[in-house]
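Novice: The structure follows.
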Amino acid sequence: QVQLVESGGGLVQAGGSLRLSCAVSGRTTRTTAMGWFRQAPGKEREFVAAIGLSVIYADSVKGRFTISRDNVKNVVYLQMNSLKPEDTAVYYCAARSSLRPTMEVNDYDYWGQGTQVTVSS
């Protein structure tokens, strides 16, 4: 059974930083594409970043967010810098049964419960 558990969310002022973590069990991050998505109130879930054979980012976070993984600890991280109020959302970690990262929600097979990120202006 694959389980994803996010942590690291919280309240931060605009311009600040947070690091999200996603602990993975039941599957190794070495052979799995991992993604971060977010969902703001009243909006659809959207892609943020993903890592696998390559690394991809949404245009809205390029240059500010960095995704990385520790294959020994089986953890995926999302370092978020220069945060903006529009980054406020619940952030979800996701895994797919392939090493090819994609931006599509439906391509991911496993999801965490999410962690709230709130950026105040």
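Novice: How large is the accessible surface of Ser68 in square angstrom, using a 1.4 angstrom probe and rounding to the nearest 10?
Specialist: Per-residue accessible area (Ser68): approximately 50 Å².
Novice: Next up: Please turn the phi angles of the stretch 107-121 into ³J(HN,Hα) values with the Karplus equation 6.51 cos²θ - 1.76 cosθ + 1.60 (θ = phi - 60°), one per residue in order, whole Hz, x for glycine and proline.
Specialist: 7, 9, 9, 10, 9, x, 7, x, 9, 7, 10, 10, 10, 8, 8
Novice: Could you tell me the ratio Rg/Rh of the stretch 1-70? Both radii from Cα atoms, Rh via Kirkwood.
Specialist: Rg divided by Rh gives 0.96.
Novice: Additional query: Leaving out ligands, DNA and RNA, and with a 1.4 Å probe, what % of the accessible surface on the chain is carbon or sulfur?
Specialist: The C+S portion of the solvent-accessible surface of the chain is 46 percent.
Novice: Provide the per residue accessible area, probe 1.4 Å, for the chain, rounded to a whole number of square angstrom.
Specialist: Roughly 51 Å² per residue, with all protein chains present.
Novice: I want the local charge near Leu53. Using Cβ-Cβ distances under 13 Å, sum +1 for each Lys or Arg and -1 for each Asp or Glu among the other residues.
Specialist: With Lys, Arg at +1 and Asp, Glu at -1, the neighbours total +4.
The values are calculated or read from the model by the stated rules, or taken from the named source; none is laboratory data. Since the model is a prediction, treat every value here as computed from it, not as a measurement. Glycine gets a Cβ as well: all are built from the backbone with ideal geometry, and neighbour counts include every protein chain shown. Quick note on the areas: whole protein, heavy atoms, side chains included, nothing else; ligands and nucleic acids left out. Shrake-Rupley method; radii C 1.70, N 1.55, O 1.52, S 1.80 Å.
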